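> Before I ask anything, here is the structure I am working with.
The values are calculated or read from the model by the stated rules, or taken from the named source; none is laboratory data. Please read these numbers as outputs of a predicted model, since none were measured by experiment. So basically every Cβ, Gly included, is an ideal-geometry build from the backbone, and we count neighbours across all protein chains shown.
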């Protein structure tokens, strides 16, 4: 059972975002970086499948700057076996270009399962997993909250507009992980130390010229300051009045 | 160079969804700016009959792929149909709603057509003969303005941000039906079972009004007061991450960075402190009301209106007051 | 000197931070109110290897070192001072002491179980009538043919009522004065001569059990002796020079929690039309908190680093760190309460808990006065 998990290095969700000098990138000063949380679900799931089957190999694939390797080592500490780092520091935000670079690397890899997080919490496009699957011409089921593998098939659960879907697909296939798939483990201290020794291959990313460009970054439009209508139940009639007549929300 | 806008008209169970109308209205405006046509694409089963109504929202033409096998959305089959229609119609822009279906389909189309993609856009503008979009990043802590360097561009719009214009009953669109050969290969993922949602339960992403509860609700029983208010308003009940992690509410109700992003007309946050990750999921709501007993809760800086108080007293009072004044 | 953490150290700090926020913080308020020690949380810490940093792999440890343990302790202490006690109760106290003074049988019997949390540990020095005056203790261990008989009382003992195994210091030969104290590894459960009672009247550290032990003709086997008879005082001082480091790291965690909370509050709270962070007197308080935290932290890291380099008996560095970190924690919590105003005085905000928990640091593991005595003696003899 060969599993490849794509992970991305992103700013911690608690980070205060500051727009950098040129206005097209964020200022990295003081920013802590983590594995994108949805990717972490994917890593955890891969490890659980390997543990359940008692065999298999988990490869981490990451497209990003040199610092992405530290993030890959975190996945190693959780239980991944090896990985490939596609070196690219451009942050082009072009999901298609990134998907093409990942797909190019994946063409040379053998896998039964290809896992992604449903979206990276920096640019929030939620597209790369589906794009890579299409480029590799393998089936993809997005936003899974349960994954079972047996006899060359995967059975997954996800919540769609219609309700909870149970979907079956033959392997090899790609999946993107949604919250609820699992609770990622904390790496044991011992495994954090062992992660250093696991193999990590670096290659330049084969990134085509991006087909979109960043014009600028802005802060969110400020909401006009709100007002505290009052305290407790006594304030309710005034609130309802405002919602009805001022905000026209009721 | 193409100048048409192809719009995915999302449907569920043979009925077009409101996001389809939102997308078509915007698609029409885009097409006008580009000097092209707004072409809606309806894929499903039993959609042919209602397709022409999309003209009321501005579609110049509707291309229909109607096949019993396409009753339920699967990315392979819908993707194949969509990509084929798009590639034959010379678009400058491929437009979808950033919904469950739209996100899968947009990704597929982008890869199939070699087209750059921007998802969940909250603004767009005609610029330099093309379309530029603005979209939230870093969970809405910043916005990026993107321009496309090639055609087509795949754009998905955040639902409920672009409200559709009132339909013009006098308009109707030309309908073209496409026959598409579909084989088993186009259904590599098979939906074995669908466990339908609780009847009558409104999804938070569809609701015009959301009554949402956080840690201050203290437990699953506390949500009864919120459910009552929501029932009165025809609203959905949402939840913060803490509440979902504690198991008080299902994950499908979670609003926030690792939950759903919503943009309702009215968002009532009860006992929610207002952590950045939660704001990421609801800060584009038109009107935000906060009810919290902590006057220092960060949510009050984002809310339009706030009441400092015990939600277990304020929420029932709100229900009563609304019953009285609005009925 | 390179003042940078390695990637591994950063990863460990992240684990500590995430663990504290996800496993401890959510139930902290109710646990503190009900004085609840969550065994599941304790076991999880053990499974992750938190108590194995200074223990060799041979005995179930991970050899990441004193520096990593100090960093982890700080991350936990930043959320909960109570939950830093296990670092001392499992690792720096019993396990590390047995590692350095025990025989192979004792090491194999106790260390792996203490490291992974199968056994809850403790160490019992203090008595109702002897605190700073360690040699003034009254507990006795009378040798018999098949073991020893323990008599006496210990008080203010962390985990007294929950421990499975405890280091117990007692006199085997009063005539030899402090050279007549011995150290024993006592199985605390299932001994008819050992009675424990919880002390519920502390001011803080409510999630860390504390109690008293009464030894009444408690029989323990010969194999319970740790090291040689008469080694007890030496072992005790040696042991304190390690658990003191854990205590110092606890102080650093408290100081950090205080200044982080205070900064956040000062940016959000507005008075006179602006965030109070703009007022210079508030800035004075915040700056002071930060400086003392940084200084305490560096002292702790230096002492920990020295131990990792092999200098375990670095009493000057450890006492300096412990003394200063305790003062920094107490000061920070007081300043934080000032920044928070009335909300600092409320149990619905974390600051008052830091205030109550911090105060213990000036007393436990050797009072601030004792630390200063140790420091003075060391610098006078240089």
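> Among the residues of region B:138-146, are any more than 8 Å from every other protein chain (Cβ to nearest Cβ) and either buried (at least 21 other Cβ atoms within 10 Å of the Cβ) or within 12 Å of residue B:30 (Cβ to Cβ) (or both)?
Let us first name the residues in region B:138-146 that are more than 8 Å from every other protein chain (Cβ to nearest Cβ), namely none.
No, region B:138-146 contains no residue that is more than 8 Å from every other protein chain (Cβ to nearest Cβ) and either buried (at least 21 other Cβ atoms within 10 Å of the Cβ) or within 12 Å of residue B:30 (Cβ to Cβ) (or both).
> A further question on this structure: Among the candidates A:122, A:161, A:88, which residue alone is within 22 Å of residue A:208 (Cα to Cα), surrounded by fewer than 23 Cβ atoms within 10 Å (Cβ to Cβ) and within 7 Å of another protein chain (Cβ to nearest Cβ)?
Matching residue, one of A:122, A:161, A:88: A:122.
> Given the criteria within 25 Å of residue A:217 (Cα to Cα), surrounded by fewer than 24 Cβ atoms within 10 Å (Cβ to Cβ) and modelled with pLDDT of 95 or more, does residue A:97 qualify?
Yes; evaluated as a whole, the condition is true for this residue.
> Inspect region A:206-225 for any residue being crowded, with 18+ Cβ neighbours inside 10 Å, more than 23 Å from the chain's Cα centre (by Cα) and either within 14 Å of chain C (Cβ to nearest Cβ) or at positive phi (or both) and give the result as yes or no.
No, there is no match, as no residue in region A:206-225 is crowded, with 18+ Cβ neighbours inside 10 Å, more than 23 Å from the chain's Cα centre (by Cα) and either within 14 Å of chain C (Cβ to nearest Cβ) or at positive phi (or both).
> Name the helices (runs of 4 or more DSSP H) wholly inside region C:23-135 in which the number of residues that are surrounded by 20 or more Cβ atoms within 10 Å (Cβ to Cβ) and touching a residue at least 24 places away in the same chain (Cβ under 8 Å) is 3 or more.
C:39-48, C:66-77, C:96-101, C:104-116
> Condition first: touching a helix residue (DSSP H, G or I) at 6+ places or on another chain (Cβ under 9 Å) and assigned to a helix (DSSP H, G or I). Can you find one or more residues in region A:169-185 that meet it? Can you show your working first?
Taking region A:169-185 first, the residues touching a helix residue (DSSP H, G or I) at 6+ places or on another chain (Cβ under 9 Å) are A:172-185.
Now narrow it down to the ones that are assigned to a helix (DSSP H, G or I): none.
No: zero hits.
> May I pose another question? Mind checking whether some residue in region A:141-157 is touching a strand residue (DSSP E or B) at 6+ places or on another chain (Cβ under 6 Å), assigned to a loop (DSSP other than H, G, I, E, B), closer than 23 Å to residue B:78 by Cβ and within 9 Å of chain B (Cβ to nearest Cβ)?
No: zero hits.
> Follow-up. Can you pull out the residues in region A:60-70 that are out of contact with any helix residue (DSSP H, G or I) (no Cβ under 9 Å at 6 or more places or on another chain) and either modelled with pLDDT under 95 or buried (at least 23 other Cβ atoms within 10 Å of the Cβ) (or both)?
A:68
> For region C:362-377, what are the residues that are touching a residue at least 12 places away in the same chain (Cβ under 8 Å) and either assigned to a helix (DSSP H, G or I) or within 14 Å of chain B (Cβ to nearest Cβ) (or both)?
Listed by number, the residues that qualify are C:362, C:368, C:369, C:370, C:371, C:372, C:374, C:375.
> Further, regarding this structure: For residues in region A:226-250 being in a loop (DSSP other than H, G, I, E, B) and within 7 Å of another protein chain (Cβ to nearest Cβ), which is nearest to residue B:232 (Cα to Cα)?
A:250
> Does region B:138-146 contain at least one residue that is in contact (Cβ under 8 Å) with a residue 12 or more places away in the chain and at positive phi?
Initially, region B:138-146 is screened for residues in contact (Cβ under 8 Å) with a residue 12 or more places away in the chain, giving B:139-141, B:143, B:145-146.
Of the ones still in play, those that are also at positive phi are B:139-140.
For region B:138-146, residues in contact (Cβ under 8 Å) with a residue 12 or more places away in the chain and at positive phi: present.
> Output the strands (runs of 3 or more DSSP E) that fall wholly within region B:68-136 and possess 1 or more residues being within 11 Å of chain A (Cβ to nearest Cβ), or say none.
Where strands (runs of 3 or more DSSP E) fall fully within region B:68-136 and carry at least 1 residues being within 11 Å of chain A (Cβ to nearest Cβ), they are B:117-121, B:123-127.
> Which residue out of A:44, A:40, A:57 is within 12 Å of chain B (Cβ to nearest Cβ) and under 30 Å from residue A:189 (Cβ atoms)?
Going through A:44, A:40, A:57 in turn, just one is within 12 Å of chain B (Cβ to nearest Cβ) and under 30 Å from residue A:189 (Cβ atoms): A:40.
> Sort out which residues of region B:32-62 are under 22 Å from the mean Cα position of the chain (by Cα) and in contact (Cβ under 8 Å) with a residue 60 or more places away in the chain, and write them in order of number. It would help to see each step written out before you state the result.
Taking region B:32-62 and keeping what is under 22 Å from the mean Cα position of the chain (by Cα), we get B:38-45, B:47, B:50-51, B:53-59, B:62.
B:40, B:51, B:53, B:54, B:55, B:56, B:57, B:58, B:59, B:62, listed by residue number.
> Given the conditions (1) free of Cβ contacts under 8 Å to residues at least 60 places away in the same chain; (2) within 11 Å of chain B (Cβ to nearest Cβ), report the number of the one that residue A:178 does not fulfil.
(1)
> In region A:187-205, which residue that is part of a loop (DSSP other than H, G, I, E, B) and farther than 17 Å from residue A:70 by Cβ is farthest from the other protein chains (Cβ to nearest Cβ)?
Within region A:187-205, the subset part of a loop (DSSP other than H, G, I, E, B) is A:187-188, A:196-199, A:205.
In the following step, the residues that additionally are farther than 17 Å from residue A:70 by Cβ were identified as A:188, A:205.
Values: A:188: 5, A:205: 17 Å.
Ranking the qualifying residues of region A:187-205, first place goes to A:205.
> From the residues in region B:194-218 that are over 24 Å from the mean Cα position of the chain (by Cα) and over 17 Å from residue B:251 (Cβ atoms), which one is surrounded by the fewest Cβ atoms within 10 Å (Cβ to Cβ)? Break it down into steps so the answer makes sense when it comes.
Taking region B:194-218 first, the residues over 24 Å from the mean Cα position of the chain (by Cα) are B:215-218.
With over 17 Å from residue B:251 (Cβ atoms) added as a condition, the list becomes B:216, B:218.
Values: B:216: 22, B:218: 16.
Here the residue is B:218.
> Could you tell me which of the residues A:133, A:80, A:105, A:75 is under 16 Å from the mean Cα position of the chain (by Cα), within 29 Å of residue A:194 (Cβ to Cβ) and modelled with pLDDT of 95 or more?
A:75
Per-residue answers, yes or no, for (1) on the phi > 0 side of the Ramachandran plot; (2) more than 15 Å from the chain's Cα centre (by Cα); (3) within 14 Å of another protein chain (Cβ to nearest Cβ):
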| position | (1), (2), (3) |
| --- | --- |
| C:225 | no, yes, no |
| C:228 | no, yes, no |
| C:231 | no, yes, no |
| C:236 | no, no, no |
| C:242 | no, no, no |
| C:249 | no, no, no |
| C:264 | no, yes, yes |
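> While we're here: Residue check: is residue B:177 exposed (fewer than 15 other Cβ atoms within 10 Å of the Cβ), closer than 23 Å to residue B:75 by Cβ and more than 12 Å from chain A (Cβ to nearest Cβ)?
Here the answer is yes, as residue B:177 does meet what is asked.
> Okay, next question. Hey, any hits in region B:244-259 for a residue that's over 16 Å from the mean Cα position of the chain (by Cα), within 9 Å of chain A (Cβ to nearest Cβ), touching a residue at least 24 places away in the same chain (Cβ under 8 Å) and not in a loop (DSSP other than H, G, I, E, B)?
Among the residues of region B:244-259, not one is over 16 Å from the mean Cα position of the chain (by Cα), within 9 Å of chain A (Cβ to nearest Cβ), touching a residue at least 24 places away in the same chain (Cβ under 8 Å) and not in a loop (DSSP other than H, G, I, E, B), which makes the answer no.
> When residues of region B:280-321 are filtered for being under 22 Å from the mean Cα position of the chain (by Cα) and either assigned to a strand (DSSP E or B) or more than 9 Å from chain A (Cβ to nearest Cβ) (or both), how many remain?
6
> Is it the case that residue C:157 is closer than 21 Å to residue C:365 by Cβ, assigned to a strand (DSSP E or B), outside the structural domain of residue C:25 (by TED's automatic domain parsing) and free of Cβ contacts under 8 Å to residues at least 60 places away in the same chain? First the steps, then the outcome.
On the way: closer than 21 Å to residue C:365 by Cβ: yes; assigned to a strand (DSSP E or B): yes; outside the structural domain of residue C:25 (by TED's automatic domain parsing): yes; free of Cβ contacts under 8 Å to residues at least 60 places away in the same chain: yes.
Yes: the conditions hold for residue C:157.
> Right, something else. Of the residues that make up region C:146-168, is at least one surrounded by fewer than 16 Cβ atoms within 10 Å (Cβ to Cβ), over 18 Å from the mean Cα position of the chain (by Cα) and more than 30 Å from residue C:355 (Cα to Cα)?
Quick first cut of region C:146-168, residues surrounded by fewer than 16 Cβ atoms within 10 Å (Cβ to Cβ) only: C:146.
The next check asks that each one be over 18 Å from the mean Cα position of the chain (by Cα); those that pass are C:146.
Still in the running and more than 30 Å from residue C:355 (Cα to Cα): C:146.
Looking for residues that are surrounded by fewer than 16 Cβ atoms within 10 Å (Cβ to Cβ), over 18 Å from the mean Cα position of the chain (by Cα) and more than 30 Å from residue C:355 (Cα to Cα), one finds at least one in region C:146-168, hence yes.
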